[in-house]
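Computed from the coordinates by the stated procedures, all read-outs in this text should not be read as laboratory data. Predicted model only: the values in this text are computed from it and were never measured. FYI the Cβ positions are ideal-geometry reconstructions off the backbone, even for glycines, and counts take in every protein chain you see.
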Protein chains: 2
Amino acid sequence: MRIALAQLNYHIGNFEGNLQKMLAAVEQARQQKADLICFGELSVCGYPPRDFLEFDDFIRQCNASVEALKTASRDIAIVVGTPVRNPVAAGKDLYNAACFLYEGAVLGVQHKALLPTYDIFDEYRYFEPATAFRTIVFKGKKIALSICEDIWNVGNENPLYTICPLDEMQDEQPDFILNLSASPFNYQHASTRIAVVQANVKRYGIPMFYANHTGAQTDIIFDGGSLVVSPDAQVFDEMPYFEECLRVYDLEEVQRGGRSQEQPKDKTKLIHDALLTGIRDYFGKLGFKKAILGLSGGIDSAVTAVLAAKALGAANVRVLLMPSQFSSEHSVNDALTLAHNLGIQYDLLPIQPMYAAFEAALKNQFWAQPFNVTEENIQARVRGTLLMAMSNKFGHILLNTTNKSEMAVGYGTLYGDMCGGISVLGDVYKTEVYELAAYLNKTTLSVTGAAGPIPKSSIEKPPSAELRPGQKDSDSLPPYDILDKVLYQYIECRQGPRELVAMGFEETLVKRVLRMVNINEFKREQAAPVLRVSSKGFGMGRRMPIVGKYLS
Amino acid sequence: MRIALAQLNYHIGNFEGNLQKMLAAVEQARQQKADLICFGELSVCGYPPRDFLEFDDFIRQCNASVEALKTASRDIAIVVGTPVRNPVAAGKDLYNAACFLYEGAVLGVQHKALLPTYDIFDEYRYFEPATAFRTIVFKGKKIALSICEDIWNVGNENPLYTICPLDEMQDEQPDFILNLSASPFNYQHASTRIAVVQANVKRYGIPMFYANHTGAQTDIIFDGGSLVVSPDAQVFDEMPYFEECLRVYDLEEVQRGGRSQEQPKDKTKLIHDALLTGIRDYFGKLGFKKAILGLSGGIDSAVTAVLAAKALGAANVRVLLMPSQFSSEHSVNDALTLAHNLGIQYDLLPIQPMYAAFEAALKNQFWAQPFNVTEENIQARVRGTLLMAMSNKFGHILLNTTNKSEMAVGYGTLYGDMCGGISVLGDVYKTEVYELAAYLNKTTLSVTGAAGPIPKSSIEKPPSAELRPGQKDSDSLPPYDILDKVLYQYIECRQGPRELVAMGFEETLVKRVLRMVNINEFKREQAAPVLRVSSKGFGMGRRMPIVGKYLS
């Protein structure tokens, strides 16, 4: 038996686009003599469809796509993910299902049992968990169908769940496992995923075929990495990350095993590739081509600009250099150098005239008030307004350049440097931004022939917002190497003040950092969606009260 | 037996504040010879605590509050809501629990079984559902303890659930039902709540005591309206809305019944009172006193200003009048009249100089480009920057004045008139804003002696953003009376295009409106939190993909 796995980049709600893509994959698989093709979880509608699932019309369109695929399944079986109605009145009225289509008929439907409801996931909001588990017989083979999380409770050892779907099918002695996934990327996830698939294979002693999504849906990025694991628990194949892929496998060859083919897993390269995918798909799926951003001469905007140029093409990226009276000369020079190295269009727009106009307008109100964060914010907001004006006039999307460390402690101006359609670095700590910069300089050509596009001084100078004379980030923040460690423990690992102090961090520092994180929830609430590359990014995956008074 | 219900305004994560409030209520109940006092759901930590629940430290602090209340329960039973650890390793590691404390000991703990996971609710994200149901015996009475949603599946007729917790206790023949709730307000909710409590009482033939929260947690507003319903299914008492209240009831009197005491339920008054609560608590819980907003002469900012003055006191509200060259003279006059009528501080800050500075700065880039929405947005963003500058300098919170109709169709400028810490009218359709204006003019005194603070012409003139010459909302939007009906059906009732056309709305209008709603998700993603007064507000209760391509 020949089994095709299709790792596709779906688009939420784009039924026609998703269907055409799947039909083309079916045709390709047919030409390669596949007996069966397997797509990802909820592939007809894309993942996550969120509250679109509450609309009858949306479910009707999902059904229509399944019908079209059923018609296309004359001589090849098609396994597709789709929401289906729960026929009984008790429980949620949808299932997250895998439909096995063959010869114009539905050979079987398996519902998902384990519904992730944590981090970015809300599946129990929509779906009823499966209670029945039965293999599907196709051309003499018994297939254990499963959906994503269903394989993540091996031997019932995951405390979140009380049932192990594949255990329930073991009496029927299945020949292999098919898994339809929509498993989002984070830079630690690919290894975990392989370990989980291997654990399943070891438990049941049969091969597993695992089809994931690739591509980004706003903040959530899918890395692909679809898997075939042989009964010897070796990775027979791992598909490439961040690209569409269709491959056909011979079941007997997979059975034999003895092959190990993993993709390389370098953290910085993974983050880099994920961010390119995130930028590309945000623009592509919204129907935009051109990006704009502000270039300060600092490292965050430099890294964002290089990523944008790589993702969209240098011709599609425009930058504004917007110095104020507090900008150092070297900042403007560093920004200019970067723009030249990338070969991107730039405009030099000093903000002094606008800043002066605001100062004059508020002269009476601000009489005898000292210069403070207000004037710093006015500068940032003038820049935001200039960027948005260019964006509005010429159809660019503004890229936000805030990094995760700043976003965590609220070191940014709402409606100023926090503007943007999508946050490129909002899930990348400052210390990781340096790693990205080094990686970009190693892997990106400069049109000027410079060793790398990002000037050395952007990387080496002490970080500064340059919103008042002589300002440095270190005036108001702990050193980034310490700050980032505290933030990682608090945000990714959910360690509280007691645990952080026990780890050796200084108590006053811990209190200060946690307080900064918590009192700035109101800013993050209005931030751009953040391309998620870690196991805990800001946004839907981290839900915090705004008026909360806790560690604040 | 004398039973006290405490309807309190908790503050998420403010353990010390919540505990002191509860201890004071215990003391008051004790003085009124109560045998038992009942607080709301998750009262130790406030509702919804969201991802704070993932921190061990947070749960430890909840436990500490329960310990303190246990100590205070020497001669009075205390029933309190708190998260408790699930002692077994299988399933989520928390329960949403009601602890029955008496004489320094825990007499019983009831877990919540029905975990709302829809709209603004995420309870299955954190909690394991209860499986055991047992009454608590106290002073010879058997008490059926239940938490909020547990009573919302009367006779198992709610399709969301498959168990009816109170049914499970009927074998023990309980004497009365205690329910600890955190049931958020919407203008239709109070009647529904009463009907549900009555349905339970009818089913079991015993009285029910129902304690709700009052007060707002950012966007989510609790209206109180705690209930006592007699076995005759009459409302023995309904506590007032939107205020703290402690009352002690004699069980025998409640048993006898024959009393019906409902609060009046006028939609516009309810919305009005909810918005005042929302404003007051957003400021109070963040530790702020003063509000600022822009006054355009239009009805939305007028209504917001009056609400702010009522919620915070006229002395705490400051407004900016920021006319452009496109503002009509009557707009400035209407704004001035309103400020005078309310007796609030105002500043007149024409935006022309800043606008001209932006125009000049972008002259080269915008060469030969026609005036379009870009220039409109610059005006809105200059205003946003002025408001935020005042807010930053003097410690105001900026109130957003966008209404629900505008927010739905994206008729507003991101980082411009969409700025603000909290959106006051973002869940109030334009047609409802008019109803609020009329209500405010009837119920609010003007310091100038005018008939009502809002000038007649702000109410009667055709709505306009005044961002280009002669502009009217009706140039780009359908009439609000039609638009709002389509939006209500789409947003609140989740009706799709087919259903809307079947209702008699014109097909091209339906498509146009739904498209406007869907393509503007990116703006709402960055909007201020919206005070929720309807059954479906923008924010956590409505989760939509941004790059989705559906009805768009």
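Note on A:180-190: average number of Cβ atoms from other chains within 10 Å of each residue's Cβ is 0. Spin-label model, A:Arg60/A:Ala24: points 7 Å from Cα along the beta carbon direction are separated by 2.9 nm.
Look at the dipole of the protein assembly as shown built from charges on Cβ: of B:Pro240, A:Thr443, B:Leu293, the Cα furthest out on the positive end belongs to B:Leu293.
For region A:443-518, take N as its residue count and report Rg(C-alpha) divided by 2.2 N^0.38 Å. Each step should come with its number before you reach the end.
On the way: Rg = 17.2 Å, N = 76, 2.2 N^0.38 = 11.4 Å.
Compactness ratio reported: 1.51.
Taking only the Cα atoms of region A:97-202, the radius of gyration and Dmax are 14.1, 41 Å. Legend: translational diffusion of region B:392-527 by Stokes-Einstein, Rh = Kirkwood radius over C-alpha pairs, 25 °C, 0.890 mPa s; D = 148 µm²/s.
Which values, in whole Å and largest first, are the semi-axes of the equivalent ellipsoid of region B:336-422 obtained as the square root of 5 times each eigenvalue of the Cα gyration tensor?
Details: eigenvalues 136, 62, 32 Å².
Semi-axes, largest first: 26, 18, 13 Å.
Hey, which of these cross-link pairs are over 24 Å Cα-Cα: A:Lys33/A:Lys139; A:Lys112/B:Lys511; B:Lys267/B:Lys310; A:Lys112/B:Lys523; B:Lys265/B:Lys485; A:Lys290/A:Lys523? Checking Cα-Cα distances, A:Lys112/B:Lys511; A:Lys112/B:Lys523; A:Lys290/A:Lys523 exceed 24 Å. Averaged over peptide A:382-388, the number of partner chain Cβ atoms lying within 10 Å of each residue's Cβ comes to 6. DSSP bridge analysis restricted to the protein assembly as shown gives an antiparallel fraction near 55%, rounded to the nearest 5. How far apart, in nm, are two points set 7 Å out from the Cα along the Cα-to-Cβ line at A:Cys493 and at A:Lys363? With each label point 7 Å from Cα toward Cβ, the separation is 5.6 nm. Counting every pair of alpha carbons in the protein assembly as shown, the share spaced more than 56 Å apart comes to 16 percent. Taking Cα centre as origin and charging only the Cβ of basic (Lys, Arg, +1) and acidic (Asp, Glu, -1) residues, the dipole magnitude of region B:4-130 rounds to 280 debye.
May I ask for the distance between the Cα centers of region B:140-155 and region A:296-347, given as a whole number of Å? Using only Cα atoms to place each centre, the spacing works out to 62 Å.
Working note: Cα atoms of region A:117-167, range along each principal axis, descending, whole Å: 40, 24, 18. For region B:442-523, the Cβ-based charge dipole about the Cα centre amounts to some 120 debye (Lys, Arg positive; Asp, Glu negative; other atoms uncharged).
The shape of region B:88-147 can be summarised by an equivalent ellipsoid whose semi-axes, obtained from the alpha carbon gyration tensor, come to 25, 13, 10 Å from longest to shortest.
What shape does region A:374-421 have by the C-alpha gyration tensor, where a ≥ b ≥ c are the square roots of the eigenvalues, rounded means a/c under 1.5, and otherwise prolate means a/b greater than b/c and oblate the rest? Because a/c hits 1.5 or more and a/b fails to exceed b/c, region A:374-421 counts as oblate. Counts of other chain beta carbons within 10 angstrom of each beta carbon in peptide B:8-16 average 3. Only beta bridges with both residues in chain B are counted; by DSSP, about 55 percent of them are antiparallel. Per q in 0.11, 0.13 1/Å, what log10 I(q)/I(0) does a Debye calculation on the alpha-carbon atoms of region B:480-552 return? Each listed q corresponds, in turn, to -0.27, -0.38. Annotation: for a label point projected 7 angstrom from Cα along Cα→Cβ of B:Ala315, residues of region B:387-423 with backbone N closer than 18 Å are B:395-397. Between B:Asn158 and A:Val137, the modelled label-to-label distance comes to 4.3 nm, taking each label 7 Å out from Cα in the direction of the beta carbon. With no solvent and one point per C-alpha, what does the Debye sum give as log10 I(q)/I(0) for region A:248-348 at q = 0.14, 0.22 Å⁻¹? Log10 I(q)/I(0), no solvent term: -0.63, -1.08.
Orientation-averaged projection of region A:29-97 equals 5.1 nm² [convex hull of Cα atoms, one quarter of hull surface area].
Note on region A:1-129: antiparallel DSSP beta bridges, both residues inside, total approximately 65 percent of the bridges counted. A straight chain from A:Glu103 to A:Lys456 at 0.36 nm per residue would run longer than the Cα-Cα distance by 120.9 nm. The B:Gln325 and B:Arg85 beta-carbon pair, evaluated with R₀ = 51 Å, returns a calculated FRET efficiency of approximately 0.20. Normalised by 2.2 N^0.38 Å, with N the number of residues, the alpha-carbon radius of gyration of region A:148-247 equals 1.07. Available extension along the chain between B:Thr192 and B:Lys442 is 87.2 nm, counting 0.36 nm per residue and deducting the alpha carbon span.
Pairwise Cα separations in chain B fall into 10 Å bins from 0 onward with the following percentages, short to long: 4, 17, 25, 23, 17, 10, 4, 1, 0. All Cα-Cα separations within region A:161-320 were binned at 5 Å from zero, giving a P(r) of 2, 9, 15, 17, 15, 12, 10, 7, 6, 4, 3, 1, 0, each value a whole percent of the pairs. Put in order of Cβ neighbour count within 10 Å, fewest first, the listed residues A:Met388, A:Met540 become A:Met540, A:Met388. Say the dipole of the protein assembly as shown comes from +1 at the beta carbon of Lys and Arg and -1 at that of Asp and Glu; which of A:Ala34, B:Leu145, A:Leu275 then lies farthest toward its positive end? Value: A:Leu275.
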